[in-house]
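J.: This is the structure I want to talk about, given as structure tokens.
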Amino acid sequence: MRKELLFAFAAFFILSLHALAGNFVQGEDTNNNALVIDTYEKDVTGNGKPDKIVLWGKPFPDALYYKEVWAEITTDSKKSIRINYEGGYEPKIEFVDLNHDGVKDLLQSSATGGSGGLYNFNLHTLANNTLTDIGLPEPLTIQAHFEDNYKASITFEDTNQSYTVDLSDRKEDYNRLGLYHNGRLNEPTELMIIPYAFFEPIKIEGKDGLGLKANQQISGAYHADGIGIASSYWYYEDGKWVLQKIVWEETSANE
């Protein structure tokens, strides 16, 4: 009787291990410690039938940061396509038609985790089962520097917009840092132009379909010393991103 109970407990233990292992493998690739971040079913080839998109990531141990991120796409015709992305936090894919060919594109993003709230972005299309990197808008051409009397000059060369920003509410901080002395610059100093923080699909006035809004911060003496945000609006046409407008918004010293 004791031997029969021992065999019964052993069999139950082995079956339990198999069940746990099965549940574990569904969400993890045991060959490379990768995890399934998300699974989507979208028509990304343009044939009207859903394709399967699995977003994978390889995390650092005990961290929320994925050092490797990629998508595996299995099309309706069973073709397998892989897209490699940069690492980051909270990777995701949005499906939007940004090149206006009637097929949803893959706009992938992941947070870098830096203090500036920056994201990595990638944009691809799989129309007609062909992987193509659409690319994203180039950074704005900006000339920005401090001026005497606690002011800053900012010029967006792409649109010939120029602004002068009053920074007198920060003079104590700038004097302490040695940037100014009695209202005069100690030496010529440029402002900090931060790369695009993120891209947002958005309706562009007067255009069919969606374009992109991109935010770019301009800072003063240090990264957290935000002076303003340049929001640029882009529309994809004739195989390239075309700038529509730039909206400049100043940031107060307390924001």
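The values are calculated or read from the model by the stated rules, or taken from the named source; none is laboratory data. Remember, predicted model here, so these are calculated numbers, not experimental data. Cβ placement follows ideal geometry from the backbone for every residue including glycine, while neighbour counts extend to all protein chains displayed.
J.: Among the residues of the range 182-216, write down those that are at pLDDT below 95, assigned to a strand (DSSP E or B) and over 30 Å from residue 101 (Cβ atoms).
T.: Within the range 182-216, just 194 meets the criteria.
J.: Please work out which residue is surrounded by the most Cβ atoms within 10 Å (Cβ to Cβ), limiting yourself to the range 98-111 and to residues that are touching a strand residue (DSSP E or B) at 6+ places or on another chain (Cβ under 8 Å) and part of a loop (DSSP other than H, G, I, E, B).
T.: Checking each candidate, the answer is 98.
J.: Out of (1) outside the structural domain of residue 105 (by TED's automatic domain parsing); (2) in contact (Cβ under 8 Å) with a residue 24 or more places away in the chain; (3) surrounded by fewer than 17 Cβ atoms within 10 Å (Cβ to Cβ), the odd one out for residue 129 is which?
T.: The number of the failed condition is (1).
J.: If you don't mind, another one. Within the range 138-157, does at least one residue satisfy the condition of being assigned to a loop (DSSP other than H, G, I, E, B) and under 30 Å from residue 72 (Cβ atoms)?
T.: Scanning the range 138-157, I find at least one residue that is assigned to a loop (DSSP other than H, G, I, E, B) and under 30 Å from residue 72 (Cβ atoms), so the answer is yes.
J.: Taking the conditions exactly as written (surrounded by fewer than 15 Cβ atoms within 10 Å (Cβ to Cβ) and either at pLDDT below 95 or within 17 Å of residue 137 (Cβ to Cβ) (or both)), does residue 237 satisfy them or not?
T.: Considered against the rule, which asks whether it is surrounded by fewer than 15 Cβ atoms within 10 Å (Cβ to Cβ) and either at pLDDT below 95 or within 17 Å of residue 137 (Cβ to Cβ) (or both), residue 237 comes out as yes.
J.: OK, next. Between a residue in the range 95-117 that is among the hydroxyl-bearing types (Ser, Thr, Tyr) and any residue that is surrounded by fewer than 15 Cβ atoms within 10 Å (Cβ to Cβ) and assigned to a loop (DSSP other than H, G, I, E, B), which pairs come within a Cβ distance under 9 Å, given they are 6 or more apart or on different chains?
T.: If the second residue must be surrounded by fewer than 15 Cβ atoms within 10 Å (Cβ to Cβ) and assigned to a loop (DSSP other than H, G, I, E, B), the pairs left are 115/223; 115/224.
J.: Can I ask one more? Confirm whether residue 95 is of a type in the set (Phe, Trp, Tyr), in a strand (DSSP E or B) and in the same structural domain as residue 53 (by TED's automatic domain parsing).
T.: yes
J.: Hey, another quick one. Kindly indicate whether any position in the range 222-245 is more than 24 Å from the chain's Cα centre (by Cα) and touching a residue at least 12 places away in the same chain (Cβ under 8 Å).
T.: no
J.: Considering each of 150, 119, 180 in turn, give the residue that is surrounded by 16 or more Cβ atoms within 10 Å (Cβ to Cβ) and in contact with a strand residue (DSSP E or B) (Cβ under 6 Å, 6 or more places away or on another chain).
T.: Answer to the check: 119.
J.: Return the residues of the range 135-188 that are polar (S, T, N, Q) and in contact (Cβ under 8 Å) with a residue 60 or more places away in the chain; say none if nothing qualifies.
T.: Scanning the range 135-188 gives 159, 161.
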